[in-house]
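Working notes, structure below.
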Amino acid sequence: MTIAVLAVQGAFIEHEKKLEHLGADCIELRRAEDLNQHYDGIVLPGGESTVQGKLMKELGMFDIIKSQIKNSMPVLATCAGMILLADKLEAESKVHLQTIPMTVKRNAYGRQLGSFHTNATIKGIGEVPMTFIRAPYVSQVSDEVEILSVVEERIVAVRYQKQIALAFHPELDNDLRIHEMFLSLCK
């Protein structure tokens, strides 16, 4: 199984290490030509969503990735990746891929000093460690979006079709179960 990891900015290497540990091959998406390779799923990593969205457009990757996701390509999106998938952003007009019918609040926990770590339950997995760094959260979902986790009364993980979007960074903790769940969607 081959997983494509958006590698234009952000925490992509940590995802690659987790996925390779689980037996997947990883390729990095850095330019439009990279999208011509075969892959079974995409990771949209944490980082700066505005920069990632801008670079995907400038590098000619945006429309292809959006089309792949809309045509059922499995996706694991963390932090900034969650923002990229949202069809609405709270108090903002600029949106990106718009593939999950949800509203996301960017930097919802404040600046870097608002970062924190906790353990909470993910539906279908159980309790997992969660590291939040300048994290967003989901403020609203449509009926078709499955809520996977809520922390402090805020939605921090959702699944929609073959898309998993997380407000936290599973690639920064030792638990592999979220990446395993994603790979099961890619089979």
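Just so you know, all these numbers are worked out from the coordinates, no wet-lab data involved. Treat the numbers as computed from the prediction; the structure is a model and nothing was measured. Reconstructed Cβ throughout: ideal geometry from the backbone, glycine too, with neighbour counts over all protein chains shown.
With K and R counted +1 and D and E -1, the other residues having a Cβ less than 14 Å from that of Leu22 yield a net charge of -4. Considering the chain at the alpha-carbon level, its Rg and Dmax are found to be 14.8, 42 Å.
Normalising the average separation of contacting C-alpha pairs (under 8 angstrom, six or more residues apart) by the number of residues puts the relative contact order of the stretch 2-186 at 19 percent. Take the Cα of Ala120, step 7 Å toward its Cβ, do the same at Val150, and the gap between the two points is 1.0 nm.
Helical content of the chain, expressed as a calculated mean residue ellipticity at 222 nm, amounts to -7000 deg cm²/dmol (DSSP H runs of 4 or more residues, -39,500 (n - 2.57) each, divided by residue number, nearest 500). Pairs with C-alpha atoms separated by more than 26 Å, drawn from the list Lys17/Lys105; Lys54/Lys105; Lys105/Lys162; Lys70/Lys187, are Lys17/Lys105. Contact order for the stretch 43-97, expressed relative to its length and based on alpha carbon pairs under 8 Å spaced 6+ residues apart, stands at 44 percent.
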